[in-house]
Amino acid sequence: MIAHELEEIQVNARDWLINIAAPFWGRTGRTTSGLYAERLSRTGEPNTEYYRVFVQARQVYAFSAAHRLGFSGPTVDQVQQTVNRLLNSARRTDGFFVHKLSQEGDVFDGRADLYDQAFVLFGLAASGNLLEKSSLFDEAERLLDVLEARWSHSDGGFSEGELVDSSLRRQNPHMHLLEAFSALYQFSGRQRFGDAAASIAELCRTRFIDDDTGALLEYFEQDWRPLGDVRGRIVEPGHCLEWAWLFEKFAVIGGAEALTISDALTAFARSKGIDDERGVAINEVLTNGDIHDERARLWPQTERMKAAVSRYVRTNAADEGREIIDAYRGLEKYLLTTCPALWHDKMLKDGTFLEELVPASSFYHISCAINELLSLEVRADRSQRG
């Protein structure tokens, strides 16, 4: 029965997060300056070359989520220390946050990027909730002030700053702004964040989605027209599913139209972006369904699971329960058998994995998916409904 399998993976996922991953990452590679490990070797030795600010903000979320789900490690102290480091060392005089810090917590790359700012906002939401400090929501408003004053774009959304190719625009950092604003609104209750979330959701609805296929596009001109070359037809199934999950959540304030968008995004991603042979969501297709990048990173598997959980909550459909299970089984393939607290990031066409350092950035994706999974109330009668 689906209900039994769902309960089984919930137990397994919680055990992995609380008893395996969080204890390991919480103690391994933690710097005296208050930073979490950026990357580890496959045997658990930290790489100390640099520490990206968005990864620190992601770890703040991941450990906050683990704490909420029962992890008893020193999360509160660590999160407070990391947030203090970001506020005191990573913020520029103009109010933006830098891209990278050194092991000692000094500025290593002082450029500012929209993607990074989105995750600082997200980290402030998580830490404000965990530490019960409204002052951290005030800090988020200060950063939003800077974004609106300096990077607001006349055609909607924001400019992307100093790190990426300024000749094009991307949906991706705006997606994480929606995630951050939604979390800030949820935890603070401040309407300004709710309004900011609604603005980004509307930008996606009117600009990011291909009218013919319902798929999410990635790369645009400055006025949000899709790029004229192949990049303007690239679709990442993982991002379709991530936006679908966000719209499922946003439907509480965004209404039925948000669910219609979620349905279309999910349908495209599942029909064009799942490799049944490997059991995973792949990296990229084109709007016509042709495969553009058949490798499969870890993070799309987590977005596949999150979308399925939120849709199962809404629809009670047995096929959504099965999709949760399939997504979880796909994610399990990425965990290292020699050290299950670590993971592969990039699956190749033949199902093997690229040999590389283990990125801490993936912990945010996994913990968020497990948080969604464990929020699900499984009832035996529920899985029988169609």
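The values are calculated or read from the model by the stated rules, or taken from the named source; none is laboratory data. No experiment lies behind these values; they were computed from the predicted model shown. Note that each Cβ is placed from the backbone with ideal geometry, even for glycine, and that neighbours are counted across all protein chains shown. SASA here: full protein model, heavy atoms, side chains in, ligands and nucleic acids out. Shrake-Rupley method; radii C 1.70, N 1.55, O 1.52, S 1.80 Å.
Listed values, structure above:
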{"quantity": "Relative contact order [Cα under 8 Å, 6+ residues apart], the stretch 63-190, whole percent", "calculated": "24 percent"}
{"quantity": "Sulfur and carbon atoms: percent of accessible area, the stretch 83-157 [1.4 Å]", "calculated": "39 percent"}
{"quantity": "Read-out percent of Cα pairs over 31 Å apart, derived from the coordinates shown; its label in (i) 33; (ii) 51; (iii) 38", "calculated": "(i)"}
{"quantity": "Shape category assigned to the stretch 207-271 from the gyration tensor of Cα positions, a/c cut at 1.5", "calculated": "prolate"}
{"quantity": "The stretch 1-77 - percent of accessible surface contributed by carbon and sulfur, probe 1.4 Å", "calculated": "51 percent"}
{"quantity": "Whether the stretch 235-334 is rounded, prolate or oblate, judged on the alpha carbon gyration tensor where a/c under 1.5 counts as rounded", "calculated": "oblate"}
{"quantity": "Theoretical ellipticity at 222 nm over the chain - DSSP helices of four or more residues, -39500 (n - 2.57) apiece, nearest 500", "calculated": "-16500 deg cm²/dmol"}
{"quantity": "Net dipole in debye of the chain [+1 Lys, Arg Cβ; -1 Asp, Glu Cβ; about Cα centre; nearest 20]", "calculated": "800 debye"}
{"quantity": "Average accessible area per residue (Å²) across the chain - probe 1.4 Å, nucleic acids and ligands excluded", "calculated": "39 Å²"}
{"quantity": "Accessible-area composition of the stretch 268-338, carbon plus sulfur, in percent [1.4 Å probe]", "calculated": "43 percent"}
{"quantity": "Average Cα contact separation per residue, the chain, under 8 Å, 6 or more apart, as relative contact order %", "calculated": "17 percent"}
